[in-house]
Each structure stands twice: as C-alpha cells, then as structure tokens.
Amino acid sequence: MAFCRSRLAYICTTVRQLCTKSDTFIRVRHLEGKHDGVAVLLMDRRDRRKNAINAKFSKQFMEMLESLKFQDTLKALILKSEIPKVFCLGADLRERYDFKPHEIAEASQKIKRISTELKLFPVPVIAAIEGFALGGGLEIALGCDMRVATKDAILGLPETGHALIPGAGGTQHLPRLIGEAKAKEMIFCDHRVNGEEAERIGLVNYAVEQNGNGDAAYLKALGIAEKIVTKGDRKSVV
C-alpha cells in the first residue's frame, strides 16, 4: 500500500511538472563570456502541436520581444527551436477549426505582428532553422535579419493547400528576398525547399550540414552573433 501511495505521488508530481512546462512556450537564455550580449529566444511548445502557433504562443512571443527590446546590454538575438527537427509548424489549425472568418484573420494578424516586431527589433535577429519552417513559422523567420538553416531543413508556405493565402507577411517579404517569380511558385504551388536550395535562391544566408547534436544551424548563428557583438550595438548604427 505504501509503495502504491509513493508511486501515485511520483506520477502526480511528474504530471504537474509536465503541465507547468507545457504552459511556457517561449523562453529566453542570456549567454555569457565571449557571447555576452547575445540572447537566445527559444520556441518550446512540446505538446503534439510542436511549436504550432496558437493564441498563447503568440502572446508569450510578443511579451518576450517587448521585454527584450528594452535591455540596453542586448546586442544580438538568436531565434531557435527546442523541438528536435521542428523550427515552427505555423498556425495551429486545430485551434482555428471552429474559428469564424474574422477570428482567422485576427489570428493571422497576431503572427504578422510578431514578424513585424522582429523586423523592427533594435538589434540584429538571426533565425536558426533546424527542421521544418512552414507557413507562419517561415513568416516569422522572414521577419529576422538573417537566416541560417541546416541542409535538410524544409521551408515552405503551404497555405494554398488549405484554400488560404499566407496572411502574416509572406506575400510581401518572400518576393523581396528571392524574387517575384520564385516566390509565386512557392506560394501558388506549395513548393517547399530544403536548406541547400534555400541558400541558392537567397532565402537563407547559410545552409550547413547537420551535426550529431542537431544544433548546427544554431552554432552557425552563434558564430554570426559573436561577430555582431564586437561591431556595434543597435541596428540604427547600420
């Protein structure tokens, strides 16, 4: 009986810890030493939706950006995922299943605000893309100043497959990076590119071979951030 009570207490504690962790989708890590001045914004939605963007994800993302942009010691920001093989899967379609049209538009605008906030962020922002960056997830990456992807990463805007169009800035930002014709192909045909093709067409700055730890893109982004912190403080000086 005592063993059963002990086992039940352990299970309850574990469940509470998992539930508490699942409530926090966005975290930040401030680096030290030679990377002092670099912060890493971590997307960490660990349920079955794996970094799909719902209302809570959007709210926490915006709140974190708001808190970071007023930190005078910050010189570079890296955006990365804590979920293996997934950067961000875009909108949480299950959440939107019962949405009315105006609610879907409002949800898209929340993702667009994240992308816009990243573009206007006072220090350089680098997206480290490991795995899938689809829909709103790619649109968030497009808001960053630079993008690094692994060669096996998959990037795309699959909204047309759901009878939608990219509503968070992809139709504007993508053509500016890769040209109108290629952008239309990606959007109209749901053409997805791997990291190597993304580098070739100018969608990402670098495509790197993945390593055994699954963090090759992050390490490359960290190397870029290391150079940034020795040069200047704010994008306004560029």
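Using R0 = 22 Å, the C-beta based FRET efficiency linking Glu226 and Arg29 works out to 0.90. Multiplying the residue separation of Asp98 and Gln172 by 0.36 nm and subtracting their alpha-carbon distance yields 23.8 nm. Take Lys112: with every protein chain present and a 1.4 Å probe, its accessible area is about 70 Å². Starting from the Cα of Lys69, move 7 Å in the Cα-to-Cβ direction to define the label point; list residues of region 104-139 whose amide nitrogen is under 16 Å from there. Under cut-off, by backbone N: 110-126.
The values are calculated or read from the model by the stated rules, or taken from the named source; none is laboratory data. In this text the structure is predicted, and so the values were computed from the model without any measurement. With ideal geometry, Cβ positions are generated from the backbone for all residues, glycine too; neighbour counts draw on all protein chains shown. For the accessible areas, the whole protein counts, side chains as well, though only heavy atoms, and no ligand, DNA or RNA atoms are used. Shrake-Rupley method; radii C 1.70, N 1.55, O 1.52, S 1.80 Å.
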